[in-house]
Amino acid sequence: MIFIDPPLWPAHGTVFSHLISDTSVSELHAFAAAAGVTKRAFDLDHYDVPERIYADLVAAGAVPISGKDLVRVLVASGLRIKAKHRPKSTGSALQYRWDTLLPGQGDLGAELLQRWSEPHRNYHSSTHLLAMLEALDLLTDGAAPHTVLLAAWFHDAVYKGVAGTDEQESADLAHAHLSGLLPAGEVAEVVRLILLTASHSPTLADHDGALLCDADLAVLGGSPTDYARYLAGVRLDYAHVTAPDFAKGRAGVVRQLLSLDPLFRTERGRDLWAAPARANLTAELLAPS
């Protein structure tokens, strides 16, 4: 089946919708071709289509759904292309996700994207943010609570490479920007979730905290090559720290992560990432310095 979300994504003097299939890319291409949509509009797992043809596509059989539901359908279909395979699209993908999450707050989204794109960031960059949001998609079939998604957006919005301080300042930033936009209880929940990323140790009953922490730690469960790339990025992020001090501090972080039992708090997180994460962490700890 073919789905389309509302035309909300601004570009080139108009706004765009996203056209997807929940069955196959071949079905998507066939529908687009029949509707006269150029192949140049295809972006790995969807077509970007301008507002002027939205009604025509719906009339041709595309099912209109919300942006959040479209993400959920694409994730469930198995056709979603992950962030690491589409680095040139990171900014656009994040812009769309923000506009869907908090419509009408484009200036705040632009500020956050600017923060995540600061030149001193290597691992803690916009690519990490998108990968984390995609991990939340995997954990929730695209239905993560909006407070968890907002906590992901803000959790390293302030990044100076100072553990504990970065999380607190990011939480303060979220409180300052979200107060008045959301009910006070929701703002407090976003702040609470951000602060959890300092220890990654939510209680067993804290489902939303488990989702956020598991998504943040998903990188630990990557392939050995991906893990090595992650380590290199982290080292660059802490370039201001001397090699001996970094080695000592990093060893402490690894031991703390290995002490978490369980390391991943959600059942799906454990299935996806627990075994390779422990193997990666143990290999790092045992590697010669």
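Values quoted throughout were computed directly from the atomic coordinates according to the rules given, and no laboratory measurement underlies them. What you see is a predicted model, and the numbers here were worked out from it, not measured in a lab. Don't worry about glycine lacking a Cβ; one is built from the backbone with ideal geometry, like all the others, and counts go over all protein chains shown.
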Inset, instruction - Please give, to one decimal in nm, the separation of the simple spin-label points placed at ALA60 and THR225, each 7 Å out from Cα toward the Cβ. - result: 3.7 nm
Inset, instruction - Would you calculate a helix-derived [θ] at 222 nm for the chain, using -39,500 (n - 2.57) for each DSSP H run of n ≥ 4 and dividing by the full residue count, to the nearest 500? - result: -16500 deg cm²/dmol
Legend entry - Rounded to 10°, Cα long-axis angle of helix 224-237 versus longest principal axis of the chain: 70 degrees
Inset, instruction - Using θ = phi - 60° and the Karplus relation 6.51 cos²θ - 1.76 cosθ + 1.60, list the HN-Hα couplings for region 251-262 in order, rounded to whole Hz, with x at every Gly or Pro. - result: 4, x, 5, 5, 5, 5, 5, 5, 7, 5, 9, x
Legend entry - Rounded, prolate or oblate (a/c below 1.5 giving rounded, otherwise prolate when a/b exceeds b/c) for region 1-81 by Cα gyration tensor: rounded
Inset, instruction - Note the angle between two axes, namely the Cα long axis of helix 165-178 and the longest principal axis of the Cα atoms of the chain, as a number of degrees from 0 to 90, rounded to the nearest 10. - result: 30 degrees
Legend entry - Binned Cα-Cα distance frequencies in the chain - 5 Å width, integer %: 1, 5, 11, 15, 17, 16, 13, 9, 6, 4, 2, 1, 0
Inset, instruction - Please list the non-local residues whose amide H lies under 5 Å from the amide H of TRP9, H modeled 1.01 Å from N, same-chain partners needing a gap of 5 or more. - result: PHE16
Inset, instruction - Output the peptides 239-248, 255-264 sorted from most to least packed, where packing is the average of other Cβ atoms within 10 Å over each peptide's residues. - result: 255-264, 239-248
Legend entry - Dipole axis of the chain (+1 Lys, Arg; -1 Asp, Glu on Cβ), positive-most option in GLY13, TYR159, GLY61: TYR159
Legend entry - Karplus-derived 3J(HN,Hα), 6.51/-1.76/1.60, for each residue of region 3-11, Hz, glycine and proline x: 10, 9, 9, x, x, 10, 8, x, 5
Inset, instruction - Work out the length of the dipole vector of region 1-142 about its Cα centre, built from +1 on the beta-carbon of each Lys and Arg and -1 on the beta-carbon of each Asp and Glu, and round it to the nearest 20 debye. - result: 420 debye
Legend entry - Theoretical gain in end-to-end length, ASP69 to GLU186 [0.36 nm per residue, Cα-Cα removed]: 39.9 nm
Inset, instruction - Mind jotting down the distance between the C-alpha centroids of region 242-268 and region 103-129, whole Å? - result: 25 Å
